[in-house]
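The values are calculated or read from the model by the stated rules, or taken from the named source; none is laboratory data. All figures in this text were calculated on a predicted structure; none of them were measured in a lab. Note that we place each Cβ from the backbone using ideal geometry, even for glycine, and neighbour counts take in every protein chain shown. These area figures cover heavy atoms from the full protein model, side chains too; ligands, DNA and RNA do not enter into them. Shrake-Rupley method; radii C 1.70, N 1.55, O 1.52, S 1.80 Å.
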Amino acid sequence: MEYINNFKKDLQEFLNGFKQMGSDLVNKERRIKQVPNLITLSRLLIASFIPSAAISGNLVLAAVLTIAAASTDGIDGIAARKLNATSEFGKNLDPVCDKFFAAILTVPLMIKLPAIASIGLGVNLVLEAGIAGINLKSKAKGNNPRTTWLGKIKTALLSSLLAAFYISFSHKFNPAFIPTLYALTTTFQTLTCINYQKIDKQKDKEKEILSTNQTTNHNEETQTQQTKTKTIEQSKETFTISDYQKLKEELTAPKEDLEKDKSIDNGFQKTKK
């Protein structure tokens, strides 16, 4: 239930990011802050033309568009740093566009390629879905997943593989390197899955340790406070008894002195007579 609530919250924040983006675009002063996000979204816009270009037989154009779309994955980050326009929305938008980009390019290839190659790309698509699932679960737990360099290499290899497949249809390049590129891409996708899962578990462990330490500190503080309270109560109790005895002595002392003084006074009066 907690995962679902967190997922709904993250989805709402993501949608709010689009609203904020629209608001910034109509504001001349803040418009430039959305340039990195526009570059990221252009990846999907460019990718949407690739299947039609491939299906129509214009595979060279499809390959060029693939390379252009893939290049935006690095340009958006550079633009964000240069313009000092990094945002949580942009960090979440980038991996989402990566997954849609891979799906848009892979599905048409799976239709046109022979069965073996199609199954191979299907494996790549499943691995991408697995990476997305790990990140979604991690984010729902509040672990704030982030793209690593391993993930960036994986994305670059996958984009290169898809571009190579499109280029191979034009018969202008020898496709002999494709099996090697496919093996590298699949390997890095698998390593990325393992790495992201490991990072997620490590963050879970860190949260557990932090929670345990906080609980321990709270118990120690509670125990210390209880000890102090008990000591104070004991001190009060000791003070009360001691004070009572002292008070008793002080109250009885004047009476004894008074009787003594009275006795002395009587003796003096007798002597006088």
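Eight or more residues apart or on different chains, and alpha-carbon atoms under 18 Å: count the Lys pairs in region 98-180 matching that. Before the final figure, lay out each step's value.
On the way: LYS99/LYS137; LYS99/LYS139; LYS99/LYS152; LYS99/LYS154; LYS112/LYS172.
Here the count comes out as 5.
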Task: FRET E, pair ARG30, ASP10, Förster distance 30 Å, beta-carbon r, rounded to 0.05 - done: 0.80
Open item on the list: To the nearest 20 Debye, how big is the dipole of region 74-153 about its Cα centre, given +1 on the beta carbon of each Lys and Arg and -1 on that of each Asp and Glu?
Closed with: 200
Task: Where labels lie 7 Å past Cα in the beta-carbon direction, separation of VAL96 and GLN214 in nm - done: 2.8
TODO: For ARG43, ARG30, ARG146, ARG81, write out the residues from largest to smallest accessible area, computed with a 1.4 angstrom probe and no ligands counted.
DONE: ARG81, ARG30, ARG146, ARG43
TODO: Pop a pseudo-label 7 angstrom from the Cα along the beta-carbon direction at both THR180 and LYS201 and give the gap in nm to one decimal.
DONE: 3.4
Task: Charge dipole (region 83-168, unit charges on Cβ, about Cα centre) - positive-most of ASN92, PRO145, ALA103 - done: PRO145
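Based on the alpha-carbon gyration tensor of region 86-131 and its eigenvalue square roots a ≥ b ≥ c, which shape applies: rounded if a/c is under 1.5, prolate if not and a/b is larger than b/c, or oblate?
Working: a/c = 5.93, a/b = 2.65, b/c = 2.24.
Cα axes put region 86-131 in the prolate bin.
Sort region 11-149 into rounded, prolate or oblate with this rule: let a ≥ b ≥ c be the square roots of the eigenvalues of the Cα gyration tensor; rounded if a/c is under 1.5, and if a/c is not under 1.5, prolate when a/b is larger than b/c, oblate otherwise. Please report the intermediate quantities before stating the final value.
Numbers: a/c = 2.46, a/b = 1.45, b/c = 1.70.
Here region 11-149 falls in the oblate category.
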TODO: Starting from the Cα gyration tensor of region 1-59, take the square roots of the eigenvalues, sort them a ≥ b ≥ c, and report rounded, prolate or oblate (rounded when a/c is under 1.5, otherwise prolate if a/b is larger than b/c, else oblate).
DONE: oblate
- [ ] Using θ = phi - 60° and the Karplus relation 6.51 cos²θ - 1.76 cosθ + 1.60, list the HN-Hα couplings for region 53-62 in order, rounded to whole Hz, with x at every Gly or Pro.
- [x] 5, 5, 5, 6, x, 8, 6, 5, 4, 4
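If I take every Cα pair under 8 Å that is 6 or more residues apart in region 31-80, average their sequence separation and divide by the length, what percent do I get for the relative contact order? Please report the intermediate quantities before stating the final value.
Details: 43 pairs, mean separation 25.9, N = 50.
In percent, rounded to a whole number, it is 52.
Sorted by mean Cβ packing within 10 Å, highest first, what order do the peptides 149-156, 86-93, 220-227 take?
Details: 149-156: 18.2, 86-93: 16.8, 220-227: 10.0.
With the highest mean Cβ count within 10 Å placed first, the list reads 149-156, 86-93, 220-227.
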